[in-house]
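The values are calculated or read from the model by the stated rules, or taken from the named source; none is laboratory data. Note that this is a predicted model, so its numbers are computed, not measured. Note that each Cβ is placed from the backbone with ideal geometry, even for glycine, and that neighbours are counted across all protein chains shown. Ligands, DNA and RNA are excluded from the accessible area calculation, which covers all protein heavy atoms including side chains. Shrake-Rupley method; radii C 1.70, N 1.55, O 1.52, S 1.80 Å.
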Amino acid sequence: MKYNSTRNKNTVVTAAQAIAQGISEEGGLFVPQSLPKYSPEEIKALATEDYRGRAKRIFADFLSDFTEQEIAESVDAAYTAEKFGSDNPAPISYIESGSTRMSLLELWHGPTCAFKDMALQILPHLLTKSVKKTCAGKEAVILVATSGDTGKAALEGFKDVEGTRIMVFYPVNGVSPMQKRQMATQKGENVSVAAIEGNFDDAQTGVKRIFTNSEIKARLAENNKLFSSANSINWGRLLPQVVYYFSAYCDMLNEGKLSLGDKINVVVPTGNFGNILASFYAMNMGLPINRFICASNSNNVLTDFIRTGTYDKKRHFYTTISPSMDILVSSNLERLLYHLTDGNAEKVAQWMNELSAEGCYTVDADVRAKLSALFYGGFCDDENTKKTIRKLYKEENYLCDTHTAVAVNVYQQYVAETGDLTPAVIASTASPYKFARSVLQAVSDDELPDDEFAMVDELSAKTKTPVPAPLAALKEAKVRFELECSVDAMPETVLKGLGIN
Ligand SMILES: *Cc1c(COP(=O)(O)O)cnc(C)c1O
């Protein structure tokens with residue numbers, strides 16, 4: 001299996017190159033040249049395996065330059081019961097009220113309590129093996145821009161991994177107090193964290209600029225280092241996410257919730273478009289998916305895009321209670337456009353250039369038609385997010401986080417609008433305890449305590465749900481990182497951090 005760049009069809013790389021490099025030279029993203037196809041019989045066979053078995057099977061198709069043993073080592077080290085609380089890292093909670101059936105695919109049982117762990121527990125294994133294959137002996141410098149959850153998950157995945165250094169940039173006022181504390185207290189000798197004066201898009205643009213700066217790249221090469229990415233622009237982030245859609249379908253078959261061949265709808269609270277894109281790949285590999293429901297918060301650039309075919313980032317940036325979705329430039333949409341244009345790299349490059357030069361682009365009528373046939377876009381503001389958390393808790397005794405609530409709300413809008421009752425798999429992307437203030441406000445009428453950890457305790461007492469151990473432990477953890485820098489100072493911060501300024 002080889003990979004092309006979304007912006008240049010002549011770029012052809014192996015999986016290991018795609019993962020080690022993260023992003024293509026000309027700024028494009030790596031995409032598989034073709035997709036393996038799973039027949040219903042093969043899906044049935046997958047259902048007899050456990051999560052790790054399913055992952056190994058799917059990985060083998062995409063990582064054809066990895067040995068079976070390398071894949072097994074990576075999968076077995078990543079998805080342990082110790083890290084994810086059970087042998088199934090992605091369990092489903094079923095809510096069946098009236099005619100609406102929601103299957104909440106809980107992707108947040110990992111060490112940092114958000115779905116990013118599903119990919120970032122395995123990425124370090126794939127990445128170190130990829131570097132060994134393609135440029136042995138070099139140190140990989142992982143640069144991360146985060147809207148909150150990726151940063152911590154990447155730090156936790158890469159801490160003290162030999163041959164790697166990791167640097168995380170987060171928007172100074174754009175993450176929850178718990179997310180900030182998770183990052184500021186990170187342990188490990190090869191990690192660093194800085195807050196940047198700007199929003200997530202500024203951080204992401206800053207990181208992309210460093211990646212493509214040939215002067216900085218040369219400096220790194222002189223010092224036997226190379227840049228790589230742990231953001232979802234890296235193929236090694238997306239591939240592990242394909243697995244849990246197949247796995248959810250298999251679990252639902254085994255639990256009698258579906259019959260082989262039945263279609264599902266997939267609902268995803270979306271930011272950088274990585275999670276929902278993974279489900280799009282799953283469908284193209286044979287998983288019976290009817291519709292993708294793309295849920296946004298008030299930063300509803302994707303809702304508008306799906307409805308009109310025009311992507312316009314020139315709009316107000318809202319800081320919301322679902323901060324991991326506060327994004328106006330969804331990087332992975334580029335991959336979807338590549339596939340919807342049947343691999344028209346020139347077109348994609350042109351649209352991406354328009355986006356960075358003019359702040360908007362409009363896709364062709366045929367792409368727009370495909371887009372609206374497959375995707376439904378909707379959004380939910382903060383007030384309705386809280387109402388949804390409250391209602392789900394009061395009526396179904398299910399406590400969800402702010403991001404998941406956005407998805408549930410948009411799904412309900414979808415059902416009201418279309419009457420489509422195809423069973424829905426809703427990605428539940430974070431533990432409610434990561435966003436304790438907003439969740440507590442939603443379920444309780446009492447005055448809030450002012451300390452974050454007091455809110456966590458109160459939420460637990462009130463709802464009789466346990467505080468995840470990694471979050472509880474943060475209360476006593478020592479703060480190690482307090483640096484703040486401007487976007488312009490990011491390159492210097494990186495070089496200084498590496499000791500080669
Ligand atoms: C990252 C994140 C999202 C958005 O996922 P994308 O793959 O970037 O679309 C949604 N919810 C939570 C909790 C997240 O951490």
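Tabulated values for the structure
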quantity	calculated
Condition met for D304 (in contact with a Pro (Cβ under 8 Å, 6 or more places away or on another chain), away from the ligand (no atom under 15 Å from the Cβ) and open to solvent by 30 Å² or more (accessible area, probe 1.4 Å))	no
Top-ranked residue in segment 408-438 [being among the aliphatic types (A, V, I, L, M) and touching a Phe, Trp or Tyr at 6+ places or on another chain (Cβ under 8 Å); ranked as nearest to the ligand (Cβ to nearest atom)]	A430
Count of segment 482-496 residues which are exposed (fewer than 15 other Cβ atoms within 10 Å of the Cβ) and in a loop (DSSP other than H, G, I, E, B)	3
Test: T404 is within 16 Å of the ligand (Cβ to nearest atom) and of a type in the set (S, T, N, Q)	yes
Complete set of residues in segment 461-481 that are within 28 Å of V168 (Cβ to Cβ) and either more than 28 Å from the chain's Cα centre (by Cα) or not in a loop (DSSP other than H, G, I, E, B) (or both)	A469, P470, L471, A472, A473, L474, K475, E476
Meets criteria (touching a Gly at 6+ places or on another chain (Cβ under 6 Å), away from the ligand (no atom under 16 Å from the Cβ) and open to solvent by 10 Å² or more (accessible area, probe 1.4 Å)) for S192	yes
Matching residues in segment 118-156 - criterion: being in a helix (DSSP H, G or I), near the ligand (Cβ under 10 Å from one of its atoms) and over 17 Å from V191 (Cα atoms)	A119
Subset tally (residues that are within 15 Å of the ligand (Cβ to nearest atom) and hydroxyl-bearing (S, T, Y)) for segment 231-265	3
Residue check, F379 within 15 Å of the ligand (Cβ to nearest atom) and over 30 Å from P177 (Cβ atoms)	no
Strands (runs of 3 or more DSSP E) wholly inside segment 1-115 containing at least 2 residues that are in contact (Cβ under 8 Å) with a residue 60 or more places away in the chain and closer than 30 Å to E215 by Cα	2-5, 8-14, 30-32
Of residues in segment 325-338 being within 17 Å of V268 (Cβ to Cβ) and in contact with a strand residue (DSSP E or B) (Cβ under 7 Å, 6 or more places away or on another chain), the one surrounded by the most Cβ atoms within 10 Å (Cβ to Cβ)	M325
Residue that is most open to solvent (accessible area, probe 1.4 Å) [pool: residues in segment 266-286 that are polar (S, T, N, Q) and more than 7 Å from the ligand (Cβ to nearest atom)]	N284
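The rows are residues; the columns are (1) modelled with pLDDT under 95; (2) surrounded by 14 or more Cβ atoms within 10 Å (Cβ to Cβ).
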| residue | (1), (2) |
| --- | --- |
| A424 | no, yes |
| Y433 | no, yes |
| L440 | no, yes |
| D451 | yes, no |
| M455 | no, yes |
| L474 | yes, yes |
| L498 | yes, yes |
